[in-house]
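Please read the structure below before turning to the comments.
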Amino acid sequence: MNEEFIIIGKVISTQGNKGEIKVIPFTNSANRFKELNSVFIRKGNNRKILKINKLRINKNTIILKLAEIESIEKAKMIVGSFLEVEKINAIKLSKDTYFIFEIIGLEVYTDKDDFLGKVENIISTGSNDVYIVKNKDKRELFIPAIREVVKNIDLQKKRITIKVLDGLI
């Protein structure tokens, strides 16, 4: 991933037939999108900045109408793309709070230094996030991102240390 940009969402489908797209946000607040005038669309190694013409929030998704995307055919071409902003325009996070893209890919170890796997995805449940960790056998572990479990996140070492509570894994 390019360190100059951060991912704030993913285009998951088209919406209607006039070129609107449905986006799943990768931020805690969908209102973050209301502050934007434009976004970068990235598909593979290609990145293009597009102006946001219209935006509405629909439950857990964002519906966007972007400049240059006037038809359902053009909208279909960007399904699967990521929406990014320049890192310098990222919102400032409070202490011990991380962007999703910073957590995905980190290795997870127990406080006894046993390797559990890598964070593949994050589910936001409302009360807390849940890290989906895939181990070497491709089995998924669901680790709640709560203080009682997550003891340390070290972005430099790309490592999360957790305390295994009874029944957790």
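Details
- Members of the stretch 34-66 that are hydrophobic (A, V, I, L, M, F, W, C) and either under 16 Å from ILE12 (Cα atoms) or without any contact (Cβ under 8 Å) to a residue 24 or more places away in the chain (or both): VAL39, PHE40, ILE41, ILE49, LEU50, ILE52, LEU55, ILE57, ILE62, ILE63, LEU64, LEU66
- Evaluation of LYS54 against (1) surrounded by 13 or more Cβ atoms within 10 Å (Cβ to Cβ); (2) assigned to a strand (DSSP E or B); (3) at pLDDT 90 or above (one fails), failing number: (1)
- Members of the stretch 67-116 found to be β-branched (Val, Ile, Thr) and surrounded by 12 or more Cβ atoms within 10 Å (Cβ to Cβ), listed by number: ILE69, ILE72, ILE78, VAL79, VAL85, ILE91, ILE100, ILE103, ILE104, VAL108, THR110
- Scope the stretch 78-114; condition at pLDDT 95 or above and in a helix (DSSP H, G or I); matching residues: none
- Boolean, ILE143 is outside the structural domain of THR14 (by TED's automatic domain parsing) and in contact with a Leu (Cβ under 6 Å, 6 or more places away or on another chain): no
- Number of residues in the stretch 89-111 that are of a type in the set (A, V, I, L, M) and either touching a helix residue (DSSP H, G or I) at 6+ places or on another chain (Cβ under 9 Å) or free of Cβ contacts under 8 Å to residues at least 40 places away in the same chain (or both) equals 3.
Yes/no per residue for (1) assigned to a strand (DSSP E or B); (2) polar (S, T, N, Q):
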| residue | (1), (2) |
| --- | --- |
| SER13 | yes, yes |
| LYS34 | no, no |
| PHE40 | yes, no |
| ILE62 | yes, no |
| LYS65 | yes, no |
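- Boolean, ILE49 is assigned to a strand (DSSP E or B), touching a Lys or Arg at 6+ places or on another chain (Cβ under 8 Å) and of a type outside the set (Phe, Trp, Tyr): no
- Against the test of being within 30 Å of LEU55 (Cβ to Cβ) and surrounded by 11 or more Cβ atoms within 10 Å (Cβ to Cβ), the options VAL133, VAL164, VAL119 yield a single qualifying residue, VAL119.
The values are calculated or read from the model by the stated rules, or taken from the named source; none is laboratory data. Predicted, not measured: the structure shown is a model, and the values here were computed from it. No Cβ is skipped: glycine too gets one built from the backbone with ideal geometry, and neighbour counts run over all protein chains shown.
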